[in-house]
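Report on the following structure.
The values are calculated or read from the model by the stated rules, or taken from the named source; none is laboratory data. This structure is a prediction, so every number in the text was calculated from the model and none was measured. All Cβ positions, glycine included, derive from the backbone under ideal geometry; neighbour counts span all protein chains shown.
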Amino acid sequence: MRGAVIYAPRDVRFENLDDPKILQPTDAVIRTAATCVCGSDLWPYRGLEPIDEAHPMGHEYVGFVEEVGSEVTSVEPGQFVVGSFATSDNTCANCRNGWQSNCLNREFMSTCQADYVRIPQAQGTLVATDEVPDEEFWPSLLAVSDVMGTGWYAALAAEVKPGSTAVVVGDGAVGLCGVIAAKELGAERIIVMSRHEPRQRLAREFGATDIITERGEEGVARVKDLTDGIGADAVLECVGTAQAMQQALHAARPGGNVGFVGVPHEVAIDGQELFFSHVGLRGGPAPVRRYLPDLIERVMTGRIDPGKVFDLVLPLEQVAEGYRAMDERRAIKTLLKP
Ligand SMILES: [Zn+2]
């Protein structure tokens, strides 16, 4: 088969690789229907995360079950499946508590920008659709496997409720999906911090009511202007930089909550400041598996269309261009078709 391998910053190659095999009775192998490049893939691509040795890339996928191990009974060859970037047995204590992305048997997927993918813990990880969905649904189902699931978690972690005022920090695919989530969870006002016109347009299409283009403390001041001077009920931090986290913490009102899903890079939080702010904080890799059945249903009934975040579609062999386009911000998110 063929797939993406990163060698060094800005050096992603499309190569012949060994076909994945069933290694454990709990594995499945899928034939990729669609995969994509994630904002978090840009950290190593930009040299902001070390690359010790060349390795495959990709953690988002939808596909067709090709083969299953002897202990996998929940899915069968031919079915169309969606799964999270974190595998989960869905039976351990953490899974039963709803924290499948902290499964005691968790593995992070890392080889998905390829024709075929081995899925560990397939029984708990994969969710099959009722039937093979029309191809028009594939982008949104692919979004559900990571960015939509993560945006959903950000909104829940920030405790968005009917009538809430929500702020979304970050206008990447996760932030935009956070807008969808906030709207679905009943937020009345959704303020998005963005200075990129095409992203602002999509944010409004997804339900944003206000756009703030200022950053840092200036951006926080604009949030306060819109919230009677006290800040927002719920803030979704979808970037992961120190500045974005500061902005998120300062934009929340006393008693408000910040859900942070951007993978933190050099983020430090002042304990005293957090203590006196009365702001609640929860983040981490989203337990996407918990939300899959619900989000798949919302996609298949046409309630949500998160696939719109894919503004560039390329054949898988052009994966390197997919990275370049996102790095240069020519694309929000690249969908790759084997
Ligand atoms: Zn588990």
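Key figures
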quantity: Test: residue in the stretch 63-77 that is under 20 Å from the mean Cα position of the chain (by Cα), more than 16 Å from the ligand (Cβ to nearest atom), closer than 24 Å to VAL132 by Cβ and among the hydrophobic types (A, V, I, L, M, F, W, C); calculated: no
quantity: Residue in the stretch 33-46 that is of a type outside the set (A, V, I, L, M), in contact with a Ser or Thr (Cβ under 7 Å, 6 or more places away or on another chain) and assigned by TED's automatic domain parsing to the domain that holds TYR291 present; calculated: yes
quantity: Selection status of GLY229, out of contact with any Gly (no Cβ under 8 Å at 6 or more places or on another chain), in a loop (DSSP other than H, G, I, E, B) and not hydrophobic (A, V, I, L, M, F, W, C); calculated: yes
quantity: Selection status of ALA232, within 29 Å of LEU335 (Cα to Cα) and small (Gly, Ala, Ser); calculated: no
quantity: Output for the stretch 109-131, where each listed residue is out of contact with any strand residue (DSSP E or B) (no Cβ under 6 Å at 6 or more places or on another chain) and more than 11 Å from TYR61 (Cα to Cα); calculated: PRO120, GLN121, GLN123, GLY124, ASP130, GLU131
quantity: Tally, over the stretch 194-242, of residues that are of a type in the set (Asp, Glu) and either crowded, with 22+ Cβ neighbours inside 10 Å or closer than 27 Å to ASP41 by Cβ (or both); calculated: 4
quantity: Any pair with Cβ under 8 angstrom, 6 or more apart, that starts in the stretch 42-66 at a residue that is basic (Lys, Arg) and ends at one that is assigned to a loop (DSSP other than H, G, I, E, B); calculated: ARG46/PRO9; ARG46/ARG10
quantity: Exclusive hit being crowded, with 19+ Cβ neighbours inside 10 Å, more than 13 Å from the chain's Cα centre (by Cα) and assigned to a helix (DSSP H, G or I), set GLY149, GLY175, GLY124; calculated: GLY124
quantity: Residue within the stretch 79-86 that is within 16 Å of the ligand (Cβ to nearest atom) and free of Cβ contacts under 8 Å to residues at least 24 places away in the same chain present; calculated: no
quantity: Among residues of the stretch 282-303, those that are of a type in the set (A, V, I, L, M) and over 15 Å from the mean Cα position of the chain (by Cα), counted; calculated: 2
quantity: Qualifying residue in the stretch 93-100 (condition: in contact (Cβ under 8 Å) with a residue 60 or more places away in the chain and within 8 Å of the ligand (Cβ to nearest atom)); calculated: yes
quantity: Residue among VAL81, VAL72, VAL117, VAL65 that is buried (at least 21 other Cβ atoms within 10 Å of the Cβ), in a loop (DSSP other than H, G, I, E, B) and not acidic (Asp, Glu); calculated: VAL72
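Here's the yes/no breakdown for (1) more than 23 Å from the chain's Cα centre (by Cα); (2) small (Gly, Ala, Ser); (3) outside the structural domain of GLY172 (by TED's automatic domain parsing):
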| residue | (1), (2), (3) |
| --- | --- |
| MET193 | no, no, no |
| GLU197 | no, no, no |
| ARG204 | no, no, no |
| GLY207 | no, yes, no |
| ILE211 | no, no, no |
| ALA221 | yes, yes, no |
| LEU226 | yes, no, no |
| GLY229 | yes, yes, no |
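Yes or no, residue by residue, for (1) at pLDDT 95 or above; (2) touching a Gly at 6+ places or on another chain (Cβ under 7 Å); (3) among the charged types (D, E, K, R):
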| residue | (1), (2), (3) |
| --- | --- |
| ARG2 | yes, no, yes |
| PRO9 | yes, yes, no |
| ARG13 | yes, no, yes |
| LYS21 | yes, no, yes |
| THR32 | yes, yes, no |
| TYR45 | yes, no, no |
| PRO50 | no, no, no |
| GLY69 | yes, no, no |
